[in-house]
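Take a look at the structure set out below.
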Amino acid sequence: MTNSKLIIALTKGRILEETLPLFERAGIVPKENLRKSRKLFFDTNIDGVQLMLLRGSDVPTYVEFGSADMGVVGKDLILEHGSEGFYEPLDLGIARCRLMTAVRSDREMVSGRISVATKFTNIAKRYFAERGKQIELIKLNGALELAPALGLADAIVDIVDTGKTLKANGLKPQDLIAEVSSRMIVNKASMKIKHEIINKVLGQLNVVVKSDK
């Protein structure tokens, strides 16, 4: 990547609502309202620093291949994507939740081969393989809670926040796979080429993160 600007990819949705105030406290402020614009690139109050708005699942790919120098993304998506292509220097401590297995409230996890519905197929494969459990994966991108209720799957692997959605759909959380929060990731080549501005941004964010602990 030859772009002289520093491009930071942000994740849309809930994570964005917690990222923007954190960035503002760190002195990084977009010149436009990201929530009301259809644009993908936004200039900031810092010359040469731009923000880019993406779906969370795309952030690791954009950073790995250098289309973005840095990115804010949930740990769940880093685990799913794999982190070999970038650095993960800072836990921002925002958008906290848990990645868990869940089953029907009236059942325990069955023994033997089970069917598991999830969008986190790589995580699910690794998790159950490490426990010597054979699974049939069913990839779903939404409405995972319906799968056990309708007999499509024995269990799901999904993000759990309060657990209210699971309970409302007759499910209960079972095993914790990972604690999740949003992380700052950095392209490996960018870290070398743009280390001065990247370290400045990381330093400003780190001050804010530490003040919240």
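The values are calculated or read from the model by the stated rules, or taken from the named source; none is laboratory data. Predicted, not measured: the structure shown is a model, and the values here were computed from it. Every residue, glycine among them, receives a Cβ derived from its backbone with ideal geometry; neighbour counts consider all protein chains shown.
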Suppose we keep only residues that are among the hydrophobic types (A, V, I, L, M, F, W, C) and in a strand (DSSP E or B) within the stretch 44-80. Which one would you say is nearest to the chain's Cα centre (by Cα)?
Val73
Restricting attention to the stretch 81-102, which residues are surrounded by 19 or more Cβ atoms within 10 Å (Cβ to Cβ) and either among the aromatic types (Phe, Trp, Tyr) or part of a helix (DSSP H, G or I) (or both)?
His81, Phe86
Run down Lys167, Lys172, Lys194 and say which single residue is at pLDDT 95 or above and either in contact with a Phe, Trp or Tyr (Cβ under 7 Å, 6 or more places away or on another chain) or not aliphatic (A, V, I, L, M) (or both).
Lys194
Return the pairs, sorted by first residue and then second, in which the second residue is hydroxyl-bearing (Ser, Thr, Tyr) and not in a loop (DSSP other than H, G, I, E, B), the first residue lies in the stretch 2-13 and is closer than 13 Å to Asp58 by Cβ and modelled with pLDDT of 90 or more, the beta carbons are less than 8 Å apart, and the residues are 6+ apart or on different chains.
Ala9/Tyr62; Leu10/Thr19; Thr11/Thr19; Thr11/Ser182
Which listed residue is under 22 Å from Ser111 (Cβ atoms), surrounded by fewer than 20 Cβ atoms within 10 Å (Cβ to Cβ) and either modelled with pLDDT under 95 or not charged (D, E, K, R) (or both), from Leu137, Leu146:
Leu137
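Pick from Ser57, Ser4: which is more than 17 Å from Lys192 (Cα to Cα) and among the hydroxyl-bearing types (Ser, Thr, Tyr)?
Working: Ser4 fails: more than 17 Å from Lys192 (Cα to Cα).
Only one candidate qualifies: Ser57.
Quick one: in the stretch 16-43, of everything that is outside any loop (DSSP other than H, G, I, E, B) and in contact (Cβ under 8 Å) with a residue 60 or more places away in the chain, which residue is surrounded by the fewest Cβ atoms within 10 Å (Cβ to Cβ)?
Just the residues of the stretch 16-43 that are outside any loop (DSSP other than H, G, I, E, B), to begin with: 16-25, 30, 41-43.
Going one step further and asking which of them are in contact (Cβ under 8 Å) with a residue 60 or more places away in the chain, we end up with 18-19, 22-23, 25.
Working: Glu18: 18, Thr19: 22, Leu22: 18, Phe23: 23, Arg25: 16.
Within the stretch 16-43, the match that is surrounded by the fewest Cβ atoms within 10 Å (Cβ to Cβ) is Arg25.
Do the conditions hold for Ser105, that is, is it surrounded by 14 or more Cβ atoms within 10 Å (Cβ to Cβ), out of contact with any Ser or Thr (no Cβ under 9 Å at 6 or more places or on another chain), among the small types (Gly, Ala, Ser) and in contact (Cβ under 8 Å) with a residue 12 or more places away in the chain?
Numbers: surrounded by 14 or more Cβ atoms within 10 Å (Cβ to Cβ): no; out of contact with any Ser or Thr (no Cβ under 9 Å at 6 or more places or on another chain): yes; among the small types (Gly, Ala, Ser): yes; in contact (Cβ under 8 Å) with a residue 12 or more places away in the chain: yes.
In short, no.
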